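The values are calculated or read from the model by the stated rules, or taken from the named source; none is laboratory data. For clarity, every value in this text was computed on a predicted model and none was experimentally measured. Cβ sites come from the backbone with ideal geometry, for glycine too, and all protein chains shown count toward neighbours. For accessibility, only protein heavy atoms count, side chains too; no ligands or nucleic acids. Shrake-Rupley method; radii C 1.70, N 1.55, O 1.52, S 1.80 Å.
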Amino acid sequence: MKVKTAVLREAGKAEVIDRELPELSGYEVLVKVAADNICTSEYGAFNGSRNRPTPLVFGHEWAGTVVEVGSEVSSVEVGDYVASGYYYDPYTIPSREGRTSECTHLMSADHPNPDGFYGNAGCAEYVVSSEVACYKINKDIDPSVAALLEPLGTCCAGFRRFGCDFGDTVVVIGAGTMGILNALVAKAHGCRVLITEMMPKKLEAARRLGLEAIDVSACDPVEKVKELTDGKGADGVIVAVAAASAYAQAIDMLKEKRGRLLIFAAGYPAPKWELDPNTVHYRRMVIVGTYGADYVDFKEAANLINMGAANFSELVEEKIPLAQIQHAFERACEPGMFRISVICQEEN
């Protein structure tokens, strides 16, 4: 079966090709993809800031309808509306211990395919997916919103490892897609959330979503956080932008003792960070790194989407047809954009 599939040939060049799909194995499903969102790593490969193998049939933030199932599939059925998490082997030791993102057979977004292409190939009319990567979504949810499952799941994972509690004050640095998703997860867990940003468009989006937004172009964000917390400082800070200045701000925003810092964003090239270990020692700080998500986190993300925990459509900047994939990448690379959603089925 040949299907129209987006491919990144090299930096700056994306196109749609007809690609043969592999046969289903017993534990795989065939999904008719409704939408695939372009993630940060993908437009980073397009603009040359990220080194990824090509030709890349990218696409791991997708949602669609199951149209065929393998002989051993039991958790999803034909007609189910699903969004994608990670492809993992449920029988490895990490997976059996619940750490599915650390599975030794986890399928990366850059894995090689037998036909010479790399990647998960979710930005296509149809995709062959592992059963375990599919999470059920209510059928009335916009596909472009459903496709936020994967990035939202990574925020759920980060918050789970973060350790902040109901009633704590959490600051999120950066109101891009991932910053706002982190803020919404913290809010869903009962935290008071402050979010810092300088771009008016992002500040407005954060405020429409009910977040307390601090305009860093109009004030000192550290002093503002202290003011809004009656001098105490934040219980925790999530750094959702990869910049040395953000790390320094985060330390200064934290309360004097037992503050928690979550490093969420990765930067390319890697930002430098000068940190006095004595500061961590005497202030009894906790610094947590996070990457990826486990099965439990994707389940939580699906629940948040299905229950309408927030108006996640605020984070879908624009919907662009698959046939215009070059334009979609060019738009995704423009400064200040939220998610560009590629619509993978032609309108009748």
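Could you give me the residue pairs with C-beta distances under 6 Å whose first residue belongs to region 208-231 and is open to solvent by less than 40 Å² (accessible area, probe 1.4 Å), whose second residue is assigned to a helix (DSSP H, G or I) and small (Gly, Ala, Ser) wherever it lies, and which are 6+ apart or on separate chains?
What qualifies is Leu211/Ala183; Ala213/Ala206.
Does at least one position in region 71-94 carry a residue that is closer than 18 Å to Glu23 by Cβ, modelled with pLDDT of 95 or more, open to solvent by 60 Å² or more (accessible area, probe 1.4 Å) and not polar (S, T, N, Q)?
Within region 71-94, one or more residues are closer than 18 Å to Glu23 by Cβ, modelled with pLDDT of 95 or more, open to solvent by 60 Å² or more (accessible area, probe 1.4 Å) and not polar (S, T, N, Q).
Here's a check for you: in region 60-70, which residue that is assigned to a strand (DSSP E or B) and open to solvent by 10 Å² or more (accessible area, probe 1.4 Å) is nearest to Gly26 (Cα to Cα)?
Result: Val69.
When you scan region 138-172, how many residues do you find that are in a loop (DSSP other than H, G, I, E, B), under 23 Å from Val286 (Cα atoms) and out of contact with any Gly (no Cβ under 7 Å at 6 or more places or on another chain)?
Qualifying residue count, region 138-172: 2.
When region 248-262 is examined, which residues are found to be among the hydrophobic types (A, V, I, L, M, F, W, C) and free of Cβ contacts under 8 Å to residues at least 60 places away in the same chain?
Answer for region 248-262, where residues must be among the hydrophobic types (A, V, I, L, M, F, W, C) and free of Cβ contacts under 8 Å to residues at least 60 places away in the same chain: Ala248, Ile251, Leu254, Leu261.
Do we have Ile320 as free of Cβ contacts under 8 Å to residues at least 24 places away in the same chain and open to solvent by less than 40 Å² (accessible area, probe 1.4 Å) here?
Yes.
Given the conditions (1) open to solvent by less than 60 Å² (accessible area, probe 1.4 Å); (2) of a type in the set (A, V, I, L, M); (3) closer than 24 Å to Glu318 by Cα; (4) out of contact with any Lys or Arg (no Cβ under 8 Å at 6 or more places or on another chain), and given that Val57 satisfies all but one, which numbered condition is not satisfied?
(4)
Residues that are among the β-branched types (Val, Ile, Thr): list the strands (runs of 3 or more DSSP E) wholly contained in region 240-348 that include at least 2 such residues.
In region 240-348, the matching strands (runs of 3 or more DSSP E) lie at 286-289, 316-321, 339-343.
Where residues in region 282-317 are open to solvent by 30 Å² or more (accessible area, probe 1.4 Å) and of a type in the set (Gly, Ala, Ser), which of them is farthest from Ala83 (Cα to Cα)?
Residue satisfying both the conditions and the ranking: Gly289.
Any idea which of (1) within 23 Å of Lys136 (Cα to Cα); (2) free of Cβ contacts under 8 Å to residues at least 40 places away in the same chain; (3) not polar (S, T, N, Q) is the one Gly59 doesn't satisfy?
Gly59 satisfies every listed condition except (2).
Inside region 1-57, counting only strands (runs of 3 or more DSSP E) that do not spill past its ends, which hold 2 or more residues that are closer than 23 Å to Tyr81 by Cα?
Once the strands (runs of 3 or more DSSP E) in region 1-57 are filtered for at least 2 residues that are closer than 23 Å to Tyr81 by Cα, what remains is 2-10, 28-37.
For region 331-348, what are the residues that are surrounded by fewer than 20 Cβ atoms within 10 Å (Cβ to Cβ) and either of a type in the set (Gly, Ala, Ser) or under 19 Å from Ile17 (Cβ atoms) (or both)?
The answer is Gly336, Ile343, Gln345, Glu346.
So, in region 118-136, of the ones that are among the hydrophobic types (A, V, I, L, M, F, W, C) and surrounded by fewer than 23 Cβ atoms within 10 Å (Cβ to Cβ), which residue ends up farthest from the chain's Cα centre (by Cα)?
Val128
Go through Phe264, Phe298 for me and flag whichever is touching a Phe, Trp or Tyr at 6+ places or on another chain (Cβ under 6 Å), of a type in the set (Phe, Trp, Tyr) and within 23 Å of Pro151 (Cα to Cα).
Residue meeting the stated conditions: Phe298.
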